[in-house]
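**Student:** Following this message is one structure expressed as structure tokens.
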Amino acid sequence: PLLLLFWHLYLAERRRKWLAFSVAFGALQVLCGAPEINALNMLLLLGWTLCFPYDMPRMRRCLQWGALNAFILGISMIQLLPTVEMVRQSSRGAGMEYWEFTSNSLRLKRLPELVAPNFFGYIDQLPFQTYYWAYILRDGDDYSYIVNIYFGATALIFGLFGGLDPRRDSRLTRPVRHMLLFIFAAAVLLSLGRFLPGFALLYRLPLMTLFRYPIKFMIAGLLPLALLVGHAAEMIFDETRERAVFRRVLSACAIAAALFAASFTAFPAFADAFERFFFWHSADAVMAQGLQQAFTHVAAVLMLAALFVVMMRH
């Protein structure tokens, strides 16, 4: 966020001190981060550079972005050069097989965890096979690199509402909002890895085999979703008309979540069919209680959020 902030200030005001701050935070990110994370963040920065309506030709913005990368990499060479030499002499320097490259891909059956906390179970309690009831779904992965992908239903609804906002006159312009929503959607899709049709084509790209764990793509969606949530909150809290539309959407989602949670608890046959579909076996007491708590949590949070919006003064 600091890198994006100072780069935005530099393009808006064209003051060298903001460029210096951008280079400094970019170099710090390289020195302490993973290379794929740095690449994802710089691509986000490029998208912002092209989509935000700065008073500067797009070609010049791209050149400025390229210069920023050159400055960051130049300062970071004190660490990058030894790292390159080390990688060349390591097993990773020879690249990875496809099965290793795509290990820890996000399973489609794990997507409900975006809104339901601990949908796959708990990783901080023993015995592990009991409390992490999705253990059987590992498919050869020794462990899940990112053990929880929970964003929350409220944040996702706010983010989608902000990204699909058709207005032009706002702090985040419509092209920027669409770009942020696209990045979030792409992050979720690419995190599917080997479960995404055509993902094998990425394996053939140069230098791509130096990276692994497609689930890391989820990290690219964090900042875009946060910005969209902020835009939606500002829009809903300031404008009565937008609040009325959002109130109906949020209330409908809250009612649907409450009905689902009640059905899961009241109808054992429905719960058993659901558990067999997602986890290939019926639930024991620990799993049944954990899933009931997760779905009740979703319904309760959505109902509280809807109640808050409904009770707001006009």
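**Student:** Would you check which residues across the range 168-191 are outside any helix (DSSP H, G or I), more than 12 Å from the chain's Cα centre (by Cα) and in contact (Cβ under 8 Å) with a residue 12 or more places away in the chain and list them? Spell out how you get there, then give the answer.
**Tutor:** Step one: of the range 168-191, the residues outside any helix (DSSP H, G or I) are 168-173, 191.
Imposing the further condition that a residue be more than 12 Å from the chain's Cα centre (by Cα) reduces the set to 168-173.
Correct list: SER170, ARG171, LEU172, THR173.
**Student:** Test PRO53 against the criterion of being free of Cβ contacts under 8 Å to residues at least 40 places away in the same chain, closer than 22 Å to ARG174 by Cβ and of a type outside the set (Gly, Ala, Ser), and give yes or no. Show your work before the answer.
**Tutor:** Working: free of Cβ contacts under 8 Å to residues at least 40 places away in the same chain: no; closer than 22 Å to ARG174 by Cβ: yes; of a type outside the set (Gly, Ala, Ser): yes.
No, not satisfied.
**Student:** Quick check on my filter: what residues within the range 121-179 are open to solvent by 80 Å² or more (accessible area, probe 1.4 Å), more than 29 Å from LEU44 (Cα to Cα) and either aliphatic (A, V, I, L, M) or at pLDDT 85 or above (or both)?
**Tutor:** ILE123, LEU126, ILE136
Quick grid of which residues meet (1) touching a His at 6+ places or on another chain (Cβ under 8 Å); (2) more than 16 Å from GLN64 (Cβ to Cβ); (3) of a type in the set (Lys, Arg):
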position: TRP7; (1), (2), (3): no, no, no
position: ARG15; (1), (2), (3): no, no, yes
position: SER22; (1), (2), (3): no, no, no
position: CYS32; (1), (2), (3): no, yes, no
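For every residue, the table says whether it meets (1) open to solvent by less than 40 Å² (accessible area, probe 1.4 Å); (2) modelled with pLDDT of 95 or more.
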position: ASN38; (1), (2): yes, no
position: MET42; (1), (2): yes, no
position: PRO53; (1), (2): no, no
position: ARG58; (1), (2): no, no
position: ALA67; (1), (2): yes, yes
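**Student:** Still on this structure: Regarding the range 72-84, can at least one residue be identified that is polar (S, T, N, Q), assigned to a helix (DSSP H, G or I) and at pLDDT below 85?
**Tutor:** There is at least one residue in the range 72-84 that is polar (S, T, N, Q), assigned to a helix (DSSP H, G or I) and at pLDDT below 85.
The values are calculated or read from the model by the stated rules, or taken from the named source; none is laboratory data. This is a predicted model, so every value here is computed, not measured. So basically every Cβ, Gly included, is an ideal-geometry build from the backbone, and we count neighbours across all protein chains shown. What goes into the accessible areas is simple: the full protein's heavy atoms, side chains included, and nothing from ligands, DNA or RNA. Shrake-Rupley method; radii C 1.70, N 1.55, O 1.52, S 1.80 Å.
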